[in-house]
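Notes for the one structure printed next.
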Amino acid sequence: MMALTVLQVCEIAARCMEHLCNHNWHGYTQAGGTPGRWGDGEGDCVVTVYGKDYKLAQGDRDCSSAVISIYKAVLGIPINATYTGNMKAGFLATGLFEWHPAGSGYQPVRGDICLNEKNHTAMYLGNGKLGEFSIAENGGIYGTTGDQTGKESQIRAYYDYPWDGFLHYTGGKGASGILPQKPVSGKEKPPYPKYRVYTKEGGWLEWMQGLVCQDGCGDNYAGVRGHLIRNVQIKNLGAKGWFRLTMKKQGLLGKNQQNKDLSDYVIGVTIYYDTPTPEATGYYEAKYRVSPKRKSYLKWEYDDKDGGAGDGKNGIDRLQLTLQIVKA
């Protein structure tokens with residue numbers, strides 16, 4: 001198993017919370033049993049981060065089971081916590097977290113757990129946002145499986161519940177191959193690129209940000225298996241960032257140039273990310289890959305270091321794009 005840094009573990013946890021909040025399979029309930037607050041028992045959702053799959057049970061959660069199940073999945077260890085009242089003790093008992101009381105001057109960072117021990121918990125996602133499970137569709141604590149309103153689980157502006165404090169992952173002595181490293185306290189993540197693709201069959205498809213579908217579709221890629229990608233749009237690459245498409249008939253297009261001939265299709269893409277504020281976030285690079293039509297993904301590419309993604313001859317049907325930290 002690849003060793004992960006503290007920042008990477010926090011990033012994985014945050015991506016898992018973003019999935020739970022964006023996917024309408026996951027609503028709110030405090031019901032015990034199955035289906036209940038730990039899922040519906042019918043399968044798993046898979047969230048892929050840094051090339052590894054993390055499995056989260058399909059179905060509903062409440063505020064605490066969401067956060068607890070995420071860190072269990074990410075760390076691969078038992079955590080002796082079941083509700084907000086024993087979360088602080090359970091997480092600290094792993095030796096992998098530290099507690100920052102409210103009023104201590106600590107500022108939460110992406111992946112931190114915001115905790116009110118009596119009533120509520122959420123996860124801080126960075127950039128002034130948090131993810132939480134709050135209430136069932138009927139205004140109570142039990143409801144129909146799935147997010148019926150789009151607000152049972154949600155990403156919203158950060159607020160003070162008030163929180164008693166924050167649980168921050170530090171790595172401790174290490175677990176499940178995770179390296180203990182000093183976190184970069186207070187560092188935010190840069191804005192992740194947004195991207196979407198155009199197909200003949202579906203037109204412009206959903207916007208993706210990182211490996212998360214922005215309309216809750218649950219996919220971790222842009223595209224449809226078997227449908228050739230004919231155009232690509234990418235935002236948030238930074239002031240000097242760019243992308244270039246290689247088309248089957250037209251060849252290599254210019255930087256940030258979209259395809260105007262929709263009878264043609266994409267056989268390759270190169271992406272370069274320019275970190276907007278490296279002094280605040282550290283330096284990041286684009287990490288991306290594509291799959292030729294109805295085939296497996298090709299290898300991950302990083303910025304423009306190896307000529308981009310694609311085999312140079314076959315049309316592609318799926319694109320994944322995220323960021324990887326280069327230097328903190």
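The values are calculated or read from the model by the stated rules, or taken from the named source; none is laboratory data. Keep in mind it's a predicted model, so treat the numbers as computed, not measured. Cβ: placed from backbone, ideal geometry, glycine included. Neighbour counts: every protein chain shown. The protein model used for the area step is the full one, side chains on, heavy atoms only, and it has no ligands, DNA or RNA in it. Shrake-Rupley method; radii C 1.70, N 1.55, O 1.52, S 1.80 Å.
What about Tyr302, is it touching a residue at least 60 places away in the same chain (Cβ under 8 Å), touching a strand residue (DSSP E or B) at 6+ places or on another chain (Cβ under 8 Å) and not aliphatic (A, V, I, L, M)? No, not satisfied. Restricting attention to the range 263-284, the residues that are buried (at least 16 other Cβ atoms within 10 Å of the Cβ), in contact (Cβ under 8 Å) with a residue 40 or more places away in the chain and in a loop (DSSP other than H, G, I, E, B) total 5. For the range 138-151, residues that are surrounded by fewer than 18 Cβ atoms within 10 Å (Cβ to Cβ) and touching an Asp or Glu at 6+ places or on another chain (Cβ under 7 Å) total 3.
Only residues that are open to solvent by less than 40 Å² (accessible area, probe 1.4 Å) and among the polar types (S, T, N, Q): list them for the range 287-312, please. Once the filter is applied, which keeps residues that are open to solvent by less than 40 Å² (accessible area, probe 1.4 Å) and among the polar types (S, T, N, Q), the range 287-312 yields only Ser291. Taken as a whole, the condition of being over 23 Å from the mean Cα position of the chain (by Cα), on the phi > 0 side of the Ramachandran plot and buried (at least 22 other Cβ atoms within 10 Å of the Cβ) does not apply to Gly223. Among the candidates Lys313, Lys260, Lys287, the residue that is within 27 Å of Val326 (Cβ to Cβ) and either touching a strand residue (DSSP E or B) at 6+ places or on another chain (Cβ under 9 Å) or in a strand (DSSP E or B) (or both) is uniquely Lys287.
Picking from residues in the range 74-89 that are in a helix (DSSP H, G or I) and surrounded by 18 or more Cβ atoms within 10 Å (Cβ to Cβ), the one that is nearest to the chain's Cα centre (by Cα) is Val74.
Of all the residues in the range 4-53, those that are outside any loop (DSSP other than H, G, I, E, B) and either open to solvent by 10 Å² or more (accessible area, probe 1.4 Å) or not aliphatic (A, V, I, L, M) (or both) number 21. Restricting Leu237, Leu323, Leu245 to residues that are open to solvent by less than 20 Å² (accessible area, probe 1.4 Å) and either part of a loop (DSSP other than H, G, I, E, B) or at positive phi (or both) narrows the list to Leu237. Of the residues making up the range 1-43, those that are more than 11 Å from the chain's Cα centre (by Cα) and either within 20 Å of Tyr297 (Cβ to Cβ) or among the aliphatic types (A, V, I, L, M) (or both) are Met1, Met2, Ala3, Leu4, Val6, Leu7, Val9, Ala31. Taken together, the residues in the range 90-140 that are assigned to a loop (DSSP other than H, G, I, E, B) and of a type in the set (Val, Ile, Thr) amount to 3.
Residues of the range 54-73 that are outside any helix (DSSP H, G or I), aliphatic (A, V, I, L, M) and open to solvent by less than 10 Å² (accessible area, probe 1.4 Å): Leu56 alone. Kindly establish whether Asp53 is under 29 Å from Pro190 (Cβ atoms), without any contact (Cβ under 8 Å) to a residue 24 or more places away in the chain and out of contact with any Asp or Glu (no Cβ under 6 Å at 6 or more places or on another chain). Spelling it out, Asp53 is indeed under 29 Å from Pro190 (Cβ atoms), without any contact (Cβ under 8 Å) to a residue 24 or more places away in the chain and out of contact with any Asp or Glu (no Cβ under 6 Å at 6 or more places or on another chain).
For the condition among the charged types (D, E, K, R) and farther than 16 Å from Gln209 by Cα, Arg244 qualifies.
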